[in-house]
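Take a look at the structure below.
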Amino acid sequence: FKKTQFPETKVEVTRLSAGASALLLDDLHVRSGVLDEFKAPLLADIRDKAAQYPDDPFVQLTQARAEILMGDTSVAGTILRKLLTANPRNVDALAAQADLLMALGDKTPARKADYYNQAGSVLAAAFKLDPNRYQTLLAFARSRVVEPGYPSDNTLTALLTTVKLAPQVGAARLDAAKALVARGRDRDAIIILTPLANSPHGSDETELARQMLARIGTPKQPPKPKGASS
């Protein structure tokens, strides 16, 4: 690798706002996944705290994410409209808006394709603002599951780019491998899955990678050209 291959990163240290300090761990909990028995009390706690900081963008975004996952999607929509009106270039708010649209699509199967396509457009705008944010590409690929013949070349490229941007993220490898298998590229899927399957740390994603590799098996060797020596 050469240093010129990577974008220069500027380091900036800022003090958390009072609202962000109060909800930082709650936000992490929401984004990491919440067990069913904790959803109601966590949502209530977040709503109570958010009411104390109505003008803090971090706090409002935290509540929006919580409402999408385990609360009222109409409340999430109101919050996100406010955030994006104040700052249309807020990439995190755009990502949450796409999550909201896909959540609405999951709840209304008859309009799923429409909602998912809207989400894809929002994520395309977010990608233009920050092309190095792998989460945007991963979500974009999810929004394209409604496209005919999924995955298209563009969707597959997005998934493979997520692996390049975030090789340590298991979800990126799993989704990319599934797309490769769907396109008949089993050998490439094996290459993508092997580091995750061999992870010494162990996780649900590691186990899923091992199961996928077992299902793929050993790809058939391509036929040798006539006259080629063995």
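The values are calculated or read from the model by the stated rules, or taken from the named source; none is laboratory data. Bear in mind the structure is a predicted one, so any value in this text is a computation, not a measurement. As a convention, Cβ positions derive from the backbone with ideal geometry for all residues, glycine included, and neighbour counts pool all protein chains shown. Calculation scope for accessible area: heavy atoms of the full protein, side chains included, ligands and nucleic acids excluded. Shrake-Rupley method; radii C 1.70, N 1.55, O 1.52, S 1.80 Å.
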For the chain, the Kirkwood Rh over every pair of distinct alpha carbons, in Å, works out to 19.9 Å
For the chain, the count of lysine pairs 8 or more apart or interchain whose alpha-carbon atoms are under 24 Å apart comes to 15
Round to the nearest 10 and give me the degree value, 0 to 90, for the angle of helix 18-32's Cα axis relative to the longest principal axis of the chain. 30 degrees
Label model pair Ala171, Ala18: point-to-point distance (7 angstrom along the Cα→beta-carbon line) in nm is 3.3 nm
Using DSSP to call loops (not H, G, I, E or B), can you name the trypsin sites (Lys or Arg not before Pro) in region 80-144 whose Cβ has at most 14 other Cβ atoms within 10 angstrom? Arg89
Report the gain in length on full extension from Lys107 to Lys2: 0.36 nm times residue separation, minus Cα-Cα distance, nm rounded to one decimal. 33.1 nm
³J(HN,Hα) across region 72-84 via Karplus (A = 6.51, B = -1.76, C = 1.60, θ = phi - 60°), whole Hz, x for Gly/Pro? 10, 5, 5, 5, 4, x, 5, 4, 5, 4, 5, 5, 6
Determine by what factor the alpha-carbon radius of gyration of region 102-230 differs from 2.2 N^0.38 Å, reporting the quotient. 1.22
Regression test value, accessible area per residue of region 1-129, probe 1.4 Å, units Å², expected 63 Å²
